[in-house]
Amino acid sequence: MPATVTALMERLWAHGHAAYVVGGSVRDSLLGRQAQDWDLATDARPDRLLAVFPGAVYENQFGTVAVREGDATHEVTTFRTDHEYADFRRPHRVEFGDDVRLDLARRDFTVNAIAWGREADAPANVLVDPFDGLADVGRMVLRAVGDPDARFAEDALRMVRAVRLAAVRELTIEPATLAAIREHAALAAHVSGERVSAELEKLLASPRPSIGLRLMADTGLLDVLLPELAAQRGVPQNKIEGEDLLDHTLRSVDAVPVDQPVVRLAALLHDVGKPGTVDDGPFRGHEVVGAELAEKVLERLRTPRTATERVVRLVRHHMFTYERDWGDAGVRRFIQRVGIDAVDDLFALREADNVGSGVPAEAHGLDELRARVDAELAASVVLDRSRLAVRGDDLMAELGLPAGPRLGRILDELLERVIAEPRLNDRATLLLLAESMLTEDR
Ligand code: ATP
Ligand code: MG
């Protein structure tokens with residue numbers, strides 16, 4: 001346990017309060033994994049917490065405050081019970097309590113409902129484990145606290161958390177809990193995009209996201225949360241014998257390196273346009289349809305705009321076909337079309353797409369194109385307007401052109417010429433070219 005956490009607990013005890021570490025960090029420590037955020041629970045009310053920890057700030061209305069200690073920030077939450085779940089979502093009212101056991105009872109799974117710490121006057125730390133979470137840790141089982149039907153009806157996000165936790169922590173979902181997820185999967189439609197997204201993000205950051213995505217497909221959660229992917233089931237692919245489009249998607253996601261979350265998201269969505277274009281030649285234009293659909297999915301999930309734009313662009317461009325006889329200008333046009341800052345991601349996506357199709361990552365000339373792209377980039381060729389030897393201002397001053405769409409068109413045309421023939425990128429030459437374009441225009 002980090003020294004900063006111990007320090008916070010000591011301070012709470014010294015002020016006469018109970019202090020325990022709870023939730024994911026206890027679970028992960030017992031599983032022998034590196035714990036992430038260490039959350040603390042206490043009987044101190046939020047206003048007391050602010051007095052005990054000057055500088056602490058309220059995180060939400062449910063009694064969580066964030067406390068800085070050294071370089072770390074930890075969440076300290078007052079023991080509570082949750083009430084009045086409306087619309088299968090978060091509680092609308094919470095009641096603060098004095099008993100760690102009642103706090104553990106509101107938690108989702110037995111392995112998440114273990115506390116380690118003590119009351120202020122107790123001689124030593126103890127493990128508080130009213131729901132036999134420790135035994136479930138030993139069996140590597142994920143089990144709802146209490147009646148799974150009731151718990152998932154209270155908060156439908158817990159079903160998504162179940163799948164995510166099971167996949168990420170390699171736990172087996174206990175049969176009654178799993179049956180309850182199947183039964184109540186439709187309720188997941190009430191969960192906000194942000195909360196689903198946070199779970200999906202954690203799932204995609206695990207070594208093999210396909211484990212969790214398959215669980216979603218098997219329980220019916222995929223049909224509710226990502227129907228665009230569920231529609232890939234049974235769509236044939238002439239790729240790997242006996243596998244359908246969904247299998248291909250899941251293989252592709254797993255094949256993206258774990259430290260490239262945006263590319264993993266793009267791999268998840270790269271073929272969402274296929275079910276709707278099965279009969280068009282087949283799948284003709286699926287990357288265009290898919291880019292639009294991917295954008296809708298990501299908006300629904302409230303994905304930040306920059307990530308959404310990157311993913312949509314990758315889906316849109318993932319179908320390029322490289323031919324060995326491309327000229328260097330062709331390679332430069334490819335980079336320009338895709339965008340310099342998307343090139344690396346696009347290669348990563350296509351490599352994963354290849355692996356997902358049962359061929360080597362570098363198949364279809366990908367390695368050769370990569371080398372040629374790198375050579376062009378190393379030569380720092382002109383690929384966008386910013387590197388042209390003339391700017392809009394120059395054209396306005398030298399040729400008396402007014403600002404406006406015409407100026408933009410001429411800059412674009414100059415760029416096209418320079419991409420085809422880099423040696424033209426010289427101020428005098430470009431001014432001459434622009435002048436002749438103007439004359440032709442008249
Ligand atoms: P991670 O390791 O990814 O952080 P976690 O289990 O710690 O997983 P958190 O979102 O950090 O997930 O939640 C902390 C704790 O709060 C959980 O371990 C669980 O005890 C409780 N909890 C979180 N979400 C819910 C929920 N929807 N319903 C009931 N308890 C929850
Ligand atoms: Mg946590």
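Under the rule of -39500 (n - 2.57) per DSSP H run of 4 or more residues, summed and divided by the residues of the chain, what mean residue ellipticity at 222 nm is obtained, to the nearest 500 deg cm²/dmol? Let's see the in-between values first.
Working: 22 runs with 225 residues, N = 442.
Calculated at 222 nm, the ellipticity per residue is -15000 deg cm²/dmol.
What is the extension gain from Asp341 to Ala153, computed as 0.36 nm multiplied by their sequence separation minus the C-alpha to C-alpha distance, in nm to one decimal? Could you put the intermediate results ahead of the total?
Values: separation 188, 0.36 × 188 = 67.68 nm, distance 4.43 nm.
Value of the extension gain: 63.3 nm.
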Near Lys274, which lysines are there with a Cα under 25 Å away, not counting those fewer than 8 places off in the same chain?
Lys239, Lys296
Which residues does a label at Arg333 reach in segment 415-436, if reach means a backbone N under 13 Å from a point 7 Å past the Cα toward the Cβ?
416-421
With θ taken as phi - 60° and the coefficients 6.51, -1.76 and 1.60, list the Karplus ³J(HN,Hα) couplings across segment 142-156 in order, rounded to whole Hz; mark glycine and proline as x.
9, 9, 5, 6, x, 7, x, 4, 5, 5, 7, 6, 5, 9, 5
Which FRET efficiency, nearest 0.05, do Met437 and Ala122 yield, Cβ-Cβ r, R0 60 Å?
0.10
Working out 0.36 nm times the residue gap between Glu75 and Asp394, then minus their Cα-Cα distance, what length gain in nm do you get to one decimal?
109.2 nm
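How high is the FRET efficiency between Asp325 and Asp244 when r is their beta carbon distance and R₀ equals 41 Å, given to the nearest 0.05?
0.75
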Running a GNM on the chain with Cα contacts under 10 Å, which residue among Ala35, Ala231, Ala113 ends up with the highest mean-square fluctuation?
Ala35
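With an 8 Å Cα cut-off and a minimum separation of 6 or more residues, compute the relative contact order for the chain in percent.
Details: 702 pairs, mean separation 37.5, N = 442.
Result for the chain is 8 percent.
With a ≥ b ≥ c the root eigenvalues of the C-alpha gyration tensor of segment 140-225, is it rounded (a/c under 1.5), prolate (a/b larger than b/c) or oblate? It would help to have the intermediate numbers written out before the result.
On the way: a/c = 1.61, a/b = 1.13, b/c = 1.42.
Oblate.
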Alpha carbon centre of segment 1-62 versus segment 402-435: separation in Å?
62 Å
Could you give me the ³J(HN,Hα) list for segment 22-34, computed from phi with Karplus coefficients 6.51, -1.76, 1.60 and θ = phi - 60°, whole Hz, x at Gly and Pro?
9, x, x, 6, 5, 3, 5, 5, 5, 7, x, 9, 5
Under a GNM of the chain (C-alpha, springs under 10 Å), which listed residue has the highest mean-square fluctuation: His92, His184, His286?
His92
With springs connecting C-alpha atoms under 10 Å apart, model the chain as a Gaussian network and identify which of Phe79, Phe131, Phe320 has the largest mean-square fluctuation.
Phe320
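Tell me, Tyr20, Tyr322, Tyr58 in order of fewest to most beta-carbon neighbours within 10 Å?
Values: Tyr20 27, Tyr322 18, Tyr58 14.
Going from least to most buried by this count: Tyr58, Tyr322, Tyr20.
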A correct Karplus calculation of ³J(HN,Hα) over segment 54-71, with 6.51 cos²θ - 1.76 cosθ + 1.60, θ = phi - 60°, whole Hz and x for Gly and Pro, returns x, x, 5, 10, 5, 9, 7, 7, 9, x, 9, 10, 9, 10, 8, 9, x, 8
For segment 136-191, what does the relative contact order come out to in percent, with C-alpha contacts under 8 Å and a separation of six or more?
45 percent
Average projected area [Cα convex hull, segment 73-170], square nanometres
7.5 nm²
For segment 385-441, place one equal point scatterer on every Cα, skip the solvent, and apply the Debye formula. What is log10 of I(q)/I(0) at q = 0.15, 0.17, 0.24 Å⁻¹?
-0.34, -0.45, -0.93
When only C-alpha pairs under 8 Å and at least 6 residues apart count, what is the relative contact order of segment 385-441, in percent?
40 percent
Taking amide H positions as placed in the peptide plane 1.01 Å from N, state which residues far from Val235 in sequence (5 or more) or on other chains have amide H under 5 Å from it.
Leu245, Leu246
Which values of log₁₀ I(q)/I(0), to two decimal places, follow from the Debye formula for segment 328-378 at q = 0.23, 0.25, 0.31, 0.32 Å⁻¹ with a uniform point scatterer at every Cα?
-0.84, -0.95, -1.20, -1.23
Cα-based Rg / Dmax (Å) for the chain:
28.1, 92
Using modelled backbone amide H atoms (1.01 Å from N, in-plane), which distant-in-sequence or interchain residues come within less than 5 Å of Leu127's amide H?
none
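Order these by the 10 Å Cβ neighbour count, fewest first: Leu221, Leu438.
Numbers: Leu221 27, Leu438 15.
Arranged by neighbour count, lowest to highest, Leu221, Leu438 become Leu438, Leu221.
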log₁₀ I(q)/I(0) of segment 3-136 at q = 0.12, 0.18, 0.19, 0.21 Å⁻¹, via Debye over equal Cα point scatterers, no solvent, to two decimals?
-0.44, -1.01, -1.13, -1.35
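Let's test the formula: R0 of 35 Å, r as the Cβ-Cβ distance of Glu299 and Arg68. What FRET efficiency results, to the nearest 0.05? Kindly include the intermediate steps, with their values, before the conclusion.
Numbers: r = 35 Å, r/R0 = 0.99.
It comes out at approximately 0.50.
Mind sorting Phe53, Phe62 by how few other Cβ atoms lie within 10 Å of their own Cβ, fewest first?
Numbers: Phe53 21, Phe62 16.
Ordered from fewest to most neighbouring Cβ atoms within 10 Å, Phe53, Phe62 come out as Phe62, Phe53.
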Applying a 10 Å radius around every beta-carbon, put 168-174, 209-215 in order of their mean neighbour count, most first.
209-215, 168-174
Please work out the C-alpha center-to-center distance from segment 98-168 to segment 337-397 and express it in whole Å.
49 Å
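Values quoted throughout were computed directly from the atomic coordinates according to the rules given, and no laboratory measurement underlies them. Here the structure is a predicted model, which is why all the values come from computation and not from measurement. Neighbour counts are summed over all protein chains in view; Cβ atoms, including those assigned to glycine, are modelled from backbone coordinates with ideal geometry.
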